[in-house]
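Engineer: Okay, here's the structure, questions in a sec.
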Amino acid sequence: MGRLAQTDGLTDVQREILATVRTFVDKEIIPVATELEHKDEYPAEIVEGMKAMGLFGLMIPEEYGGLGESLLTYALVVEEIARGWMSVSGIINTHFIVAYMIKQHGTDEQKAYYLPKMAEGEIRGAFSMSEPHCGSDVSAIRTKAVPDGEFYVLNGQKMWLTNGGSANLVAVLTKTELGEDSVYRNMTTFLVDKESGFGETRPGLTIPGKIEKMGYKGVDTTEMVLDGCRVPADRILGGVPGKGFYQMMDGVEVGRVNVAARGCGVAQRAFELGIRYAQQRETFGKPLTGHQAIQFKLAEMATKVEAAHQMMINAARKKDAGERNDLEAGMAKYLAAEYCKEVVEDAFRIHGGYGFSKEFEIERLYREAPMLLIGEGTAEIQKMIIGRRLIEDYKLKG
């Protein structure tokens, strides 16, 4: 293990968890990741292994059967898993966004019902905010929830559900006409139970099938069609309508730390592959590492890996401290995603023609990295968030 991406101030428990996860990644994920990714095959055995380690309950409080660990621990675990195969980290990401939202905003009954089952991996969560026509413009969602006695009837179409097929619980953002002036106060999050799989997975809710993607394979990414889906009113997250947008944004901050952690993990693996190949491959009578141009490239790659890691752990620690972290999470997500793309491309260049071959792992990483540029908000969205916060923090007085 090299010197990069180390984290100071960890407890013995955190170190033990990370050591266990790293061993699992090295033995159970890396050897099979490329084969499963090329087949676009769901990593069922890997998921069962993560269940056995308790990773689905990592951040769920001990009183609900989880490990009660921090966002920092979770982010470092995600970094390790993404280093092995980014798709596997996606399987637990949306699960934890939903679990976090229930822990922070759910009613006592919702916490008692969902969290113990989520900690065991019996209930697996998906997160549904985006729609086909609106992308990052959350204010433009069209999915509506209309009250009908003790139920709400949901109609609309959702897009980009990670775990949309494998999950059996979806946190769904909808429009609810509450007469508020702000569009954001007319949004409500519902906890919608469904069966795992594709097709009509509960009356009025259809998961059409997997979306074919350039990378990020193995994990299922889907649409969701709601057509007269009746959901009990007690499945409103927190029990009160009109708070959905703010609940979702709280979850997205956790998701942005997660995406930053994924970027760190993928970049770290790309660096490992690049520096290993550069020592094995000879040109003009000496290893690639004997050429100054390659040394410069490795230096830049390592610096980017380290910088992204430190920004990611800073954002996680801010959230754990109960402080506002939208600035830090936005910066971490933006920087880690951009640096990941650059480090992967440099490792690809170091591999030369072999980087273009499916026999080499860097080919897979080269297709995976672009997803991080758009997941949980594009670079442009992050810059808007960062810019607004900076203006707020440095506002001139008088």
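Each reported figure results from applying straightforward, stated rules to the coordinates on display, with no laboratory input. Because the structure is a prediction, the values reported are computed rather than measured. We place every Cβ from the backbone using ideal geometry, glycine too, and count neighbours over all the protein chains shown.
Engineer: How large are Rg and Dmax for region 250-336 when calculated on the C-alpha trace, in angstrom?
Structural biologist: Cα only, region 250-336: 16.7, 56 Å (Rg, Dmax).
Engineer: Another one. Can you give me the relative contact order of the chain as a percent, contacts being Cα pairs under 8 Å and 6 or more apart? Don't skip to the end; give the middle numbers.
Structural biologist: Values: 739 pairs, mean separation 65.8, N = 398.
This gives 17 percent for the chain.
Engineer: Something else now. Could you work out the helix-only [θ] at 222 nm for the chain, with each DSSP H run of four or more residues adding -39,500 (n - 2.57) and the total divided by the number of residues, to the nearest 500 deg cm²/dmol? Don't jump to the answer; show the numbers that get you there.
Structural biologist: Details: 11 runs with 201 residues, N = 398.
It comes out at -17000 deg cm²/dmol, rounded to the nearest 500.
Engineer: Hey, with R₀ at 35 Å, roughly what FRET efficiency would Phe356 and Arg202 work out to, going by the Cβ-Cβ distance, to 0.05?
Structural biologist: Numbers: r = 44 Å, r/R0 = 1.27.
Computed FRET efficiency for Phe356 and Arg202: 0.20.
Engineer: How long are the semi-axes of the equivalent ellipsoid of region 1-88, taking √(5λ) for every eigenvalue λ of the Cα gyration tensor, in whole Å from largest down? All intermediate terms of the calculation are to be shown ahead of the outcome.
Structural biologist: Numbers: eigenvalues 105, 60, 18 Å².
Equivalent ellipsoid semi-axes, largest first: 23, 17, 10 Å.
Engineer: What nm distance separates the two modelled labels at Asn155 and Lys39, each placed 7 Å from Cα along Cα→Cβ?
Structural biologist: 4.3 nm
Engineer: Under 16 Å Cα to Cα from Lys117, which aspartates and glutamates show up? Leave out anything in the same chain fewer than 8 places away.
Structural biologist: Hits, sequence-local ones excluded: Glu48, Glu62, Glu63, Asp108, Glu109, Asp193, Glu195.
Engineer: Sticking with this structure for a sec: How far apart, in nanometres, would the label points at Gln104 and Met384 be if each is projected 7 angstrom from Cα along the Cα-to-Cβ direction?
Structural biologist: 2.0 nm
Engineer: Would you check region 121-279 for Lys pairs whose C-alpha atoms are within less than 13 Å, ignoring same-chain pairs closer than 8 in sequence, and give me the count? Walk me through the intermediate numbers first.
Structural biologist: Values: Lys144/Lys158; Lys144/Lys175; Lys158/Lys175; Lys175/Lys243.
Lysine pairs satisfying the spacing and distance rule in region 121-279 number 4.
Engineer: To continue, here is another question. So between Glu63 and Tyr246, what do we pick up on full extension, going 0.36 nm a residue minus the alpha carbon distance? Present the calculation step by step, with values, prior to reporting the outcome.
Structural biologist: On the way: separation 183, 0.36 × 183 = 65.88 nm, distance 2.57 nm.
Length gained, Glu63 through Tyr246: 63.3 nm.
Engineer: Which FRET efficiency value, to the nearest 0.05, do you get for Ser182 and Asp393 by plugging their Cβ-Cβ distance into 1/(1 + (r/R0)^6) with R0 = 30 Å? Walk me through the numbers before you get to the answer.
Structural biologist: Numbers: r = 23 Å, r/R0 = 0.78.
FRET efficiency, Ser182 to Asp393: 0.80.
Engineer: For Cα extents along the principal axes in Å, several values are listed as [x] 61, 57, 42; [y] 61, 53, 45; [z] 79, 60, 43; flag the one computed from this structure.
Structural biologist: Recomputing Cα extents along the principal axes in Å here gives the entry labelled [z].
Engineer: A further question on this structure: I'd like the distance between the alpha-carbon centres of region 249-295 and region 320-370, rounded to an integer number of Å.
Structural biologist: Cα centroid of region 249-295 versus Cα centroid of region 320-370: 8 Å apart.
Engineer: Got a sec to turn the phi values of region 337-346 into Karplus ³J(HN,Hα) couplings, 6.51 cos²θ - 1.76 cosθ + 1.60 with θ = phi - 60°, whole Hz, x for Gly and Pro?
Structural biologist: Each residue's phi maps through the Karplus curve to give 5, 5, 5, 4, 4, 5, 5, 4, 5, 5 Hz.
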